[in-house]
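**Student:** First, the structure itself, so that you have it in front of you.
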Amino acid sequence: MTKALHDYSIAEAGALLRNGTLTSTALTKHALERIKAIDPTINSFITVTAESALTEAAAADDAFAKGIDKGPMQGIPHALKDIYGTAGIRTTCHSKLLLDNVPTEDSVVAAKFKAQGAVLLGKLATHEFAIGGPSFDLPFPPARNPWNPDHIPGGSSSGSGAAVAAGLVRMAMGSDTGGSIRGPAGYCGTIGLKPTYGLVSRRGVFPLSYTLDHCGPLSWTVEDSAIAMEVIAGFDPLDPCSADVPVPDFRGKLDKGVAGLRLGLPRHWFAQADGVSAETVRAIDDAAQTLAKLGATVEEIELPDYELYNACGRIIMLSEAFAIHEKDYQTRPFDYGEHTYLRMTMGAFVTAADLTQAMRLRRELSLAVNAKLKQYDALITASTLTPAVPFAEVDPHGPPNFPIQTMPFDVTGNPAMSIPTGFSSSGLPLSMQIVGRAFDEPTVLGIGAAFEAATALNLRRPASTVAQAA
Amino acid sequence: MPEIPAEDALETEFDALAARAGLAVPDSRRAAMLQSFKDLKRMTALMRQPRTAANEPAGSYSLLSITRSL
């Protein structure tokens, strides 16, 4: 081995597993040792399934020995946000309300990884029910940012971002309703891909908002996410939003570069936004120049005001979330954490007319984005507007409000990926989004791969975790 | 665009909507909730801009409408 096991990509580890120089058992033991050494600092896991993980790893090794190859995730450790149902494994949504919830069936995503022989290391911290956090009044502590544990990792897929950045797993599953994959990815310096609405089944994942929820991966590299998508994408007739469309070749454009591509940049969204950091803007401008040097044409474009997208998405999300939790809010409201209560209760105050107006606007806003994507191959824009804020700045008695600009593409359903653009002067990651046409994840991933190769930002790991475990 | 109601009207509306939803908001959380409600009213006002009758939401639940704007 020429480097630490957690630094092997999924594809690299897969090659070693297949040529016999690495076993899934060794890979899994290494990951479990890192979790034991590092996770007490970052709290990314709620449940570690060490025993079953080693059993699954042994089964993968046995399969390799017999020449059985079920696909690229066979023998690869991964983890799931604790809103993904897992048969026989506690699924809490990080909430007192579901502390004893042990599903009898796997979510579709969990089942697909299991069917391919992947190794589940455990369940990851989240903001409560994917909306309320970071909070200290829940049954489990909030995840912390591996780049600086005094700072938040973002949310709601907080444990997923933290675990990937700390090198505990190469890939973890998150969910995204208003930015819950891309926010933590941005704050933790990982890749975070929100796929096209309907491309990945959400069946068995605890819902936050039916018409906005997306399942997708956070990973250390673009290729790792592409591989995860190969496993989890596909039509599910039992998920009402599932799209019966051909599954694209997610790795098909990873080595194609960006020469000749036209990229739109809605700079007016973020450059003058409230609270945006100058470092964030500068890093995106630099990223645009990097992509231009690689052969893309980058042009500034105008889209409807960002706040329209944000308000539209939030009204729909709050309405649908409250509808899901209505009975518990009426009967046991104080079993929810205070952040969850403060945010989700607002859904009770949205009128039918408000929601209808939001749905009308949603169509207009989708048309506007897709009209631009008829002229451009993809868009680039901000993901997080600042580096991760310290926990000390989070008001435990007020609704959290972190400056990110991810909601537009939950509203429109387009695929959107957060990718690191550099680091702040304080050593925290900065990020941007790459946004594509519906079901054109290969182009999004291809642009990301080209940018990643040009910048090599993934070679830098959080110093605090490197220091604690080899 | 409709104006956001005055503070006292906001409080009256807040109390009415909370009661209709069957919620008993504790005093300790009332100030934060009212602030969130004010933000919500700002957002719902944003939804009410001139729009044609053709901009209607039936198609919003169609996958193609959402993702491809057809």
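**Student:** Just to confirm my filter: which strands (runs of 3 or more DSSP E) fall fully inside region A:95-208 and include at least 3 residues that are out of contact with any Asp or Glu (no Cβ under 8 Å at 6 or more places or on another chain)?
**Tutor:** So the answer is A:171-176.
**Student:** Ok, one more. Could you please find all residues in region A:247-259 being surrounded by fewer than 17 Cβ atoms within 10 Å (Cβ to Cβ) and either in contact (Cβ under 8 Å) with a residue 60 or more places away in the chain or in contact with a Lys or Arg (Cβ under 7 Å, 6 or more places away or on another chain) (or both)?
**Tutor:** Passing the criteria: A:D249, A:G252, A:D255, A:K256.
**Student:** Checking A:A323 against (1) over 25 Å from the mean Cα position of the chain (by Cα); (2) surrounded by fewer than 17 Cβ atoms within 10 Å (Cβ to Cβ): exactly one of these is not met. Which one?
**Tutor:** Just one mismatch for A:A323, condition (1).
**Student:** Another one. Would you confirm, using the coordinates I've provided, whether A:T406 is in a loop (DSSP other than H, G, I, E, B), of a type in the set (S, T, N, Q) and within 17 Å of A:I284 (Cα to Cα)?
**Tutor:** So A:T406 fits the description; yes.
**Student:** Tally the residues that are within 14 Å of chain B (Cβ to nearest Cβ), in a helix (DSSP H, G or I), more than 17 Å from A:A416 (Cβ to Cβ) and in contact (Cβ under 8 Å) with a residue 60 or more places away in the chain, restricting the search to region A:371-394.
**Tutor:** Counting residues in region A:371-394 that are within 14 Å of chain B (Cβ to nearest Cβ), in a helix (DSSP H, G or I), more than 17 Å from A:A416 (Cβ to Cβ) and in contact (Cβ under 8 Å) with a residue 60 or more places away in the chain gives 1.
**Student:** A follow-up question, please. Of the residues in region A:387-407, how many are surrounded by fewer than 19 Cβ atoms within 10 Å (Cβ to Cβ) and touching a Gly at 6+ places or on another chain (Cβ under 7 Å)?
**Tutor:** Counting residues in region A:387-407 that are surrounded by fewer than 19 Cβ atoms within 10 Å (Cβ to Cβ) and touching a Gly at 6+ places or on another chain (Cβ under 7 Å) gives 1.
**Student:** A further question follows. Select from region A:349-370 the residues that are small (G, A, S), surrounded by fewer than 22 Cβ atoms within 10 Å (Cβ to Cβ) and either touching a residue at least 40 places away in the same chain (Cβ under 8 Å) or at the interface with chain B (Cβ under 7 Å from one of its Cβ atoms) (or both) and list them in ascending order.
**Tutor:** Residue satisfying the conditions is A:A368 alone.
**Student:** Does B:M33 count as hydrophobic (A, V, I, L, M, F, W, C), within 7 Å of another protein chain (Cβ to nearest Cβ) and within 22 Å of A:R363 (Cβ to Cβ)?
**Tutor:** no
**Student:** So in region A:296-320, with the set limited to residues that are over 23 Å from B:K38 (Cβ atoms) and either polar (S, T, N, Q) or touching a residue at least 60 places away in the same chain (Cβ under 8 Å) (or both), which one is surrounded by the most Cβ atoms within 10 Å (Cβ to Cβ)?
**Tutor:** That would be A:A296.
Every number here is computed from the coordinates shown, using simple stated rules; none is lab data. All figures in this text were calculated on a predicted structure; none of them were measured in a lab. Virtual Cβ from ideal backbone geometry, glycine too; neighbours counted across all protein chains shown.
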